[in-house]
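Beneath this line is the structure, given in structure tokens, with notes to follow.
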Amino acid sequence: MSTYEATYRRSQEDPGQFWLEAAADIEWTVPPTEALDSSSAPMYRWFPGAELNVSSNALDRHVAGGRADQAALVYDSAVLGTVTTYTYRELLSAVEKAAGALAELGVVKGDRVIIYMPMIPEALISMLACARLGAIHSVVFGGFAPKELAARIEDAEPKAIVTASGGIEPSRRVEYLPNVSQAMEMSTHQVNHVLVKDREGFENSLSSVPSAGAQWHDYDAVVSAAAPHPAVPVLATDPLYILYTSGTTGKPKGVVRDSGGYTVAMQWSMKNIYGVGPGETMFTASDVGWVVGHSYIVYAPLIAGATTVLYEGKPVGTPDAGAFWRVVSQHGAKVLFTAPTALRAIRKSDPAGEFIQNTPRPTLKALFAAGERLDPDTSRWIEDALGVPVIDNWWQTETGWPIASNPFGLEELPRKIGSPTFAVPGYDVRILDAFGEDLTEPNVEGNIAIKLPLPPGTLATLWGSDDRYKSSYLDAFPGYYTTGDSGYVDEDKYLFVMGRTDDVINVSGHRLSTGAMEQVVASHPAVAECAVIGVADPLKGQRPSGYVVLKSGVDIPEEELRKELIGLVRQDIGPVADFKDVAIVGALPKTRSGKILRKTMRQIADGEEYVVPSTIEDPSVIEELLSILRAV
Ligand code: COA
Ligand code: AMP
């Protein structure tokens, strides 16, 4: 039996004992005596009654344990051309002061704080400062528009927002402050304080933005005047953060992450999946606004006593397709973790892999990819070019860490291209048919579900709504968590994840809701109805394409409407939606009950075989759409 098999079996046969043993690797103020509280099943809680502080696990214990002078954080800004290193001692001191500043503004345990920042150290420091106080952070990705920020303010009801004057995109400077004040104006919730990390080169400063009822402060001034704050113990079951993610509707889902289970899962996964230990370096090229950034830029590397690289830049264009290899080489990364879309962008720019050949990378032992399906062609290309294992790992904002992966740290298993290998210990992954029956036959595609309970570190609930949590994930197949992905297991038990079963799409590794885009498009006065679908794209994975039916009597040139709709989505959701394709059509294909046949539309656009459901209201609509859909 392989080490993986033995470990997986133990995790299934006695999950309580398995996770209590894993819990011994982190520091508790009150250690757990019980692993799982099932008393409110299907709502489960890990390590009831135990207490800890997450920032203390990420910082204090390493300073006390002899790592004070080791690099904790390397901030590499390709857009500024600077590198700044924080040792564990320095990072602890920065976090203590930031926590002190938030405390002086009245933030206490259980309060929410929104962090809307570019990839600068203060983003990570603010997250850990919240964790130090037991306050719950909610990081909002900088590419979201004010309306999306407002929806998160409305739902999380934060006492404070930590932001910066701006972010640097290769093509432009992104002004954050007008977005923050607009978002606060749009929300009915009153935020008390806004802390602004001032960056050079932005038009808007503290003195120029409208107050929106809040007090605005200079981050550096408040933090430098603050007294260092000690770590506040919290219950393992207390929330550490809320991370909003796209669902099928316009209202984002606030995934709630607990403190204890997550810390245990971060420590366990760094060692057993990613194979990165104390003193080693991990470079996760994502954004702290996404789950990959939360877990493998911020929490896991620091909890493990490793060095994390915070990279402000793009895979290409800052300045070239050699940026990742330069960072790996310069900072001695053992593992690089990024999204397949970034690898495709690099390949497009450097098809012969010249930058890879010309940059020595003696420390690099593996490349991990997640966030979307890793297509076989890209996987082969990058593995040939790099000469290290390329490891596909499948997970979601909801789970916080991989559901399926080659357990590189535990044991490198033979890989199959296109598969994230096997279920990770702790996850009981099943393929279910439409009626919730286990599909035991290999190679038959179905709904990928996970038998409850989920392991530590996964979502506890959705913020403010256990009912929405249950209806979104647990009701479809009682006793299981529904992932929303479809896939199959082959004859050797390798898992293949094929795509979403709902209206969630993945554009350049960014998870977006076509439902939310439809809501925005439908708000245009000329639009009678619309459908937005995710069409396959060789670079981005998927791209959103909109099809609109005009109200009768409306006469608007297609190009003008296109520009207006693109502008509307950019304004309401943000540039990250990357909504650029719009076509006016005579009608949308629907079932007799009025449901738009989005799946059939997507299959036609992707050139796949398609079946027109017998319930279609008017089959001639499909005939008329064929040429338009096939042209995208
Ligand atoms: N703040 C403000 N705007 C942002 C932003 C941010 N943090 N991130 C992206 N945007 C903007 C971009 O500037 C662009 O705007 P534009 O339409 O004015 O040009 C738009 O959003 C689309 O951006 P993106 O989809 O990122 O395209 P890109 O061409 O700028 O970059 C990639 C392409 C592949 C390099 C980039 O998408 C990428 O690195 N993706 C990986 C995502 C990832 O790490 N996901 C996490 C899972 S591991
Ligand atoms: P997010 O919540 O942004 O991490 O997006 C999660 C979704 O991205 C999953 O439900 C999948 O649809 C997709 N995804 C993430 N990683 C992979 C992967 N390795 N293979 C296939 N799909 C993936």
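Taking the stretch 285-307, which residues are within 16 Å of ligand 1 (Cβ to nearest atom) and touching a Gly at 6+ places or on another chain (Cβ under 7 Å)?
We begin by selecting, within the stretch 285-307, every residue within 16 Å of ligand 1 (Cβ to nearest atom); these are 285-301.
Within the stretch 285-307, SER286, ASP287, GLY289, VAL291, VAL292, SER295 qualify.
Looking only at the stretch 265-282, filter to residues that are over 17 Å from the mean Cα position of the chain (by Cα) and either outside the structural domain of PHE18 (by TED's automatic domain parsing) or among the hydroxyl-bearing types (Ser, Thr, Tyr) (or both); which one of those is farthest from ligand 1 (Cβ to nearest atom)?
By that ranking, first place goes to THR281.
Hey, any hits in the stretch 441-450 for a residue that's touching a residue at least 60 places away in the same chain (Cβ under 8 Å) and in a strand (DSSP E or B)?
no
Test ALA321 against the criterion of being away from ligand 2 (no atom under 16 Å from the Cβ), among the small types (Gly, Ala, Ser), within 21 Å of SER508 (Cβ to Cβ) and assigned to a helix (DSSP H, G or I), and give yes or no. If you could, list the steps in order and put the result at the bottom.
Numbers: away from ligand 2 (no atom under 16 Å from the Cβ): yes; among the small types (Gly, Ala, Ser): yes; within 21 Å of SER508 (Cβ to Cβ): yes; assigned to a helix (DSSP H, G or I): no.
In short, no.
May I ask you to say which residue of TYR241, TYR262 is assigned to a strand (DSSP E or B), within 17 Å of LEU52 (Cα to Cα) and assigned by TED's automatic domain parsing to the domain that holds ALA150? Walk me through it before giving the result.
Working: TYR262 fails: assigned to a strand (DSSP E or B).
That would be TYR241, the only listed residue that is assigned to a strand (DSSP E or B), within 17 Å of LEU52 (Cα to Cα) and assigned by TED's automatic domain parsing to the domain that holds ALA150.
What are the pairs, 6+ residues apart or on separate chains, where a residue within the stretch 478-493 that is closer than 20 Å to THR458 by Cα has its Cβ under 7 Å from a residue that is of a type in the set (D, E, K, R)?
Listed by first residue and then by second, the contacts come to GLY479/LYS451; TYR480/ARG430; TYR480/LYS451; GLY484/ARG500; GLY484/ASP502; ASP485/ARG500; SER486/GLU445.
Only residues that are without any contact (Cβ under 8 Å) to a residue 40 or more places away in the chain and in contact with a Gly (Cβ under 6 Å, 6 or more places away or on another chain): list them for the stretch 146-202, please.
Those that are without any contact (Cβ under 8 Å) to a residue 40 or more places away in the chain and in contact with a Gly (Cβ under 6 Å, 6 or more places away or on another chain): ARG173, GLU175, GLN190, PHE202.
Tell me the residue from PRO525, PRO538 that is open to solvent by 30 Å² or more (accessible area, probe 1.4 Å) and away from ligand 1 (no atom under 16 Å from the Cβ), please.
Details: PRO538 fails: away from ligand 1 (no atom under 16 Å from the Cβ).
Testing whether each residue is open to solvent by 30 Å² or more (accessible area, probe 1.4 Å) and away from ligand 1 (no atom under 16 Å from the Cβ) leaves just PRO525.
Every residue in the stretch 601-630 that is part of a loop (DSSP other than H, G, I, E, B) and touching a residue at least 12 places away in the same chain (Cβ under 8 Å), please. Even if it seems obvious, please write down each step before you answer.
Restricting attention to the stretch 601-630, the residues satisfying the condition of being part of a loop (DSSP other than H, G, I, E, B) are 606-615, 617-618.
Scanning the stretch 601-630 gives ASP606, GLY607, VAL612, PRO613, THR615, GLU617, ASP618.
Answer yes or no as to whether SER329 is over 17 Å from SER508 (Cα atoms), of a type in the set (Ser, Thr, Tyr), without any contact (Cβ under 8 Å) to a residue 60 or more places away in the chain and not assigned by TED's automatic domain parsing to the domain that holds PRO407.
Working: over 17 Å from SER508 (Cα atoms): yes; of a type in the set (Ser, Thr, Tyr): yes; without any contact (Cβ under 8 Å) to a residue 60 or more places away in the chain: yes; not assigned by TED's automatic domain parsing to the domain that holds PRO407: yes.
Here the answer is yes, as SER329 does meet what is asked.
What are the pairs, 6+ residues apart or on separate chains, where a residue within the stretch 245-263 that is within 14 Å of ligand 2 (Cβ to nearest atom) has its Cβ under 6 Å from a residue that is among the acidic types (Asp, Glu) and open to solvent by 10 Å² or more (accessible area, probe 1.4 Å)?
Once the first residue is within 14 Å of ligand 2 (Cβ to nearest atom) and sits in the stretch 245-263, its partners that are among the acidic types (Asp, Glu) and open to solvent by 10 Å² or more (accessible area, probe 1.4 Å) give THR248/ASP502; THR248/ASP503; GLY254/ASP155.
Read through the list (1) in the same structural domain as GLY279 (by TED's automatic domain parsing); (2) within 15 Å of ligand 1 (Cβ to nearest atom), then give the number of the only condition that LEU336 fails.
Only one criterion in (1) in the same structural domain as GLY279 (by TED's automatic domain parsing); (2) within 15 Å of ligand 1 (Cβ to nearest atom) is unmet by LEU336, namely (1).
Filter the stretch 476-506 down to residues that are among the hydrophobic types (A, V, I, L, M, F, W, C), away from ligand 1 (no atom under 16 Å from the Cβ), at pLDDT 95 or above and not in a loop (DSSP other than H, G, I, E, B), then give me how many there are. Break it down stepwise before answering.
To start, the set of residues in the stretch 476-506 that are among the hydrophobic types (A, V, I, L, M, F, W, C) comprises 476-477, 489, 495-498, 504-505.
With away from ligand 1 (no atom under 16 Å from the Cβ) added as a condition, the list becomes 476-477, 489, 495-496, 498.
Filter once more, so that each one left must be at pLDDT 95 or above: 476-477, 489, 495-496.
After this cut, where a residue has to be not in a loop (DSSP other than H, G, I, E, B) as well, the list is 489, 495-496.
Within the stretch 476-506, residues that are among the hydrophobic types (A, V, I, L, M, F, W, C), away from ligand 1 (no atom under 16 Å from the Cβ), at pLDDT 95 or above and not in a loop (DSSP other than H, G, I, E, B) number 3.
Consider only pairs whose beta carbons are under 9 Å apart and that are at least six residues apart or on different chains; among these, list those whose first residue lies in the stretch 358-378 and is closer than 24 Å to THR397 by Cα and within 16 Å of ligand 1 (Cβ to nearest atom) and whose second residue is among the basic types (Lys, Arg) and open to solvent by less than 30 Å² (accessible area, probe 1.4 Å).
Within 9 Å, the pairs are ASP375/ARG344; THR378/ARG344.
Can you find even one residue in the stretch 286-293 that is at pLDDT 95 or above and more than 30 Å from THR501 (Cβ to Cβ)? Lay out the reasoning, then the answer.
Quick first cut of the stretch 286-293, residues at pLDDT 95 or above only: 286-293.
Now narrow it down to the ones that are more than 30 Å from THR501 (Cβ to Cβ): none.
No, the stretch 286-293 contains no residue that is at pLDDT 95 or above and more than 30 Å from THR501 (Cβ to Cβ).
Of the conditions (1) touching a Lys or Arg at 6+ places or on another chain (Cβ under 7 Å); (2) outside any helix (DSSP H, G or I), VAL223 fails just one. Which one is it?
(2)
Matching residues to (1) assigned to a loop (DSSP other than H, G, I, E, B); (2) more than 26 Å from ALA265 (Cα to Cα); (3) within 16 Å of ligand 2 (Cβ to nearest atom):
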position	(1), (2), (3)
LYS314	yes, yes, no
ILE346	no, yes, no
VAL388	yes, no, no
ILE391	no, no, yes
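Listed residues GLU518, GLU564, GLU559; which is closer than 16 Å to THR249 by Cα and either outside any loop (DSSP other than H, G, I, E, B) or under 30 Å from the mean Cα position of the chain (by Cα) (or both)?
Numbers: GLU564 fails: closer than 16 Å to THR249 by Cα; GLU559 fails: closer than 16 Å to THR249 by Cα.
That would be GLU518, the only listed residue that is closer than 16 Å to THR249 by Cα and either outside any loop (DSSP other than H, G, I, E, B) or under 30 Å from the mean Cα position of the chain (by Cα) (or both).
Filter the stretch 132-163 down to the residues that are closer than 22 Å to TYR311 by Cα and more than 15 Å from ligand 1 (Cβ to nearest atom), then identify the one that is farthest from the chain's Cα centre (by Cα). Even if it seems obvious, please write down each step before you answer.
Taking the stretch 132-163 and keeping what is closer than 22 Å to TYR311 by Cα, we get 137-144, 162-163.
Applying the additional criterion that residues be more than 15 Å from ligand 1 (Cβ to nearest atom) yields 137-138, 162.
On the way: HIS137: 15, SER138: 12, VAL162: 19 Å.
Here the residue is VAL162.
Just a yes or no: is a residue in the stretch 399-418 over 21 Å from SER269 (Cβ atoms) and either under 24 Å from the mean Cα position of the chain (by Cα) or within 11 Å of ligand 1 (Cβ to nearest atom) (or both)?
Yes, there is a match, as at least one residue in the stretch 399-418 is over 21 Å from SER269 (Cβ atoms) and either under 24 Å from the mean Cα position of the chain (by Cα) or within 11 Å of ligand 1 (Cβ to nearest atom) (or both).
A quick yes/no check of all residues on (1) open to solvent by 10 Å² or more (accessible area, probe 1.4 Å); (2) closer than 22 Å to GLU169 by Cβ; (3) of a type outside the set (A, V, I, L, M, F, W, C):
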site: SER286; (1), (2), (3): yes, yes, yes
site: HIS294; (1), (2), (3): no, yes, yes
site: ALA300; (1), (2), (3): no, no, no
site: VAL309; (1), (2), (3): no, yes, no
site: GLY317; (1), (2), (3): yes, yes, yes
site: ASP320; (1), (2), (3): yes, yes, yes
site: ALA323; (1), (2), (3): no, yes, no
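Could you tell me which residue of the stretch 1-37 is farthest from ASP475 (Cα to Cα), considering only residues that are open to solvent by less than 60 Å² (accessible area, probe 1.4 Å) and of a type in the set (S, T, N, Q)?
Per the criteria, the residue is SER2.
Residues checked against (1) at pLDDT 95 or above; (2) crowded, with 21+ Cβ neighbours inside 10 Å:
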residue: GLU558; (1), (2): no, no
residue: ILE566; (1), (2): yes, no
residue: VAL576; (1), (2): no, no
residue: PHE579; (1), (2): yes, yes
residue: GLY586; (1), (2): no, no
residue: ARG598; (1), (2): no, no
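The values are calculated or read from the model by the stated rules, or taken from the named source; none is laboratory data. Fair warning: this is a prediction, and the values are worked out from it, not measured in the lab. Every residue, glycine as well, gets a Cβ built from its backbone with ideal geometry; the counts of neighbours run over all protein chains shown. Quick note on the areas: whole protein, heavy atoms, side chains included, nothing else; ligands and nucleic acids left out. Shrake-Rupley method; radii C 1.70, N 1.55, O 1.52, S 1.80 Å.
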